[in-house]
Amino acid sequence: MAKVSIVENFNRVSDRLEAAAISVGRTGEQVRLVVVTKGQPIEIVQRAIEAGAKYLGENYLEESLPKIAILEKAKGVEWHMIGHVQSRKARKVCEHFDWVQSVDSIKLATRLDRFASEMGKNLPILLECNVSGEETKYGWTAWNELEWSDLADEISPILEMSNLTPRGLMTMPPFFSNPEQARPYFVRLRNLRDYLSAKFPDNDWYELSMGMSADYEVAIQEGATIVRIGTAILGKRN
């Protein structure tokens, strides 16, 4: 994709992000735009940074490491792991990423906490929640509100880990051609966040990472503080 197109796309998405926030009495500054660079070559990632991207999201460790190495001197850039993390890869994820948005098990959290301790760092994380019940989706079981008390019990040990900082929740709803159909899933994640906030009031549950290229405006209207946008800015992946 031409450099000018990425700039135009980034600005267009940023404008629509702000408009969606304003439509529900929020501001654009309350929503973080994570540009998803999965499947994109380094040249495209560099253009995204030049266009103004400050937060970059990757799904696969092996693909991301060369990009991070080349762009390590890019000022002010944060790398977010947004894909499923196998526990055996937790050390390198902890070493190279600033955030992990896809913590979906006690085993993974325990390993991240251990490695963060060894590295002398504190790692912000989000708990990935499956609010749709789709078998193809990772995440804590969260589609049945009657089972949220069990979920709270499951995740409570993570809140005690000294080198992880849980900041909120992340989800990926089913794909719909009509973004309005995704709205109930965003509402469910927000309601879960409110439930956990009441259950664990000493913890920070501010962040809601939800919404992608096809539905981010609806997600923002329902409280998203982080949206993950790839195709709408960078074009289709090779």
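The values are calculated or read from the model by the stated rules, or taken from the named source; none is laboratory data. Note that the coordinates shown come from a computational prediction; the quantities given were computed from them, not determined experimentally. Using ideal geometry, Cβ is built from the backbone for each residue, glycine included, and neighbour counts are taken over all protein chains shown.
Structure summary
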read-out: Residues located in segment 223-236, provided they are free of Cβ contacts under 8 Å to residues at least 60 places away in the same chain and touching a Phe, Trp or Tyr at 6+ places or on another chain (Cβ under 8 Å); value: 223
read-out: In segment 198-222, the residues that are aliphatic (A, V, I, L, M) and touching a residue at least 12 places away in the same chain (Cβ under 8 Å); value: 208, 210, 212, 214, 218, 219, 220
read-out: Test set (1) among the hydroxyl-bearing types (Ser, Thr, Tyr); (2) crowded, with 21+ Cβ neighbours inside 10 Å; (3) closer than 28 Å to residue 90 by Cβ - residue 216 fails condition number; value: (3)
read-out: Filter result for the condition that a residue is more than 17 Å from residue 213 (Cα to Cα), touching a residue at least 40 places away in the same chain (Cβ under 8 Å) and in a helix (DSSP H, G or I), over 95, 50, 63; value: 50
read-out: Single match in 137, 89 (criterion: surrounded by 15 or more Cβ atoms within 10 Å (Cβ to Cβ) and modelled with pLDDT under 95); value: 137
read-out: Of residues in segment 167-197 being touching a residue at least 40 places away in the same chain (Cβ under 8 Å) and either touching a helix residue (DSSP H, G or I) at 6+ places or on another chain (Cβ under 6 Å) or assigned to a loop (DSSP other than H, G, I, E, B) (or both), the one farthest from residue 83 (Cα to Cα); value: 195
read-out: Any hit, segment 214-226, residues being out of contact with any strand residue (DSSP E or B) (no Cβ under 6 Å at 6 or more places or on another chain), in a helix (DSSP H, G or I), over 18 Å from residue 101 (Cα atoms) and polar (S, T, N, Q); value: yes
read-out: Residue that is farthest from residue 210 (Cα to Cα) [pool: residues in segment 21-47 that are within 19 Å of the chain's Cα centre (by Cα) and assigned to a helix (DSSP H, G or I)]; value: 45
read-out: Out of 116, 74, 152, sole residue that is more than 17 Å from the chain's Cα centre (by Cα), surrounded by 19 or more Cβ atoms within 10 Å (Cβ to Cβ) and not in a strand (DSSP E or B); value: 116
read-out: Boolean, residue 115 is under 11 Å from residue 58 (Cα atoms) and either in contact (Cβ under 8 Å) with a residue 60 or more places away in the chain or of a type in the set (A, V, I, L, M, F, W, C) (or both); value: no
read-out: Extreme residue, nearest to residue 157 (Cα to Cα), among residues of segment 94-112 that are surrounded by 22 or more Cβ atoms within 10 Å (Cβ to Cβ) and not aromatic (Phe, Trp, Tyr); value: 109
read-out: Pair list, Cβ < 8 Å and 6+ apart or interchain, from segment 4-25 residues that are more than 22 Å from residue 37 (Cα to Cα) to residues that are modelled with pLDDT of 95 or more and of a type in the set (Asp, Glu); value: 19/217; 20/217
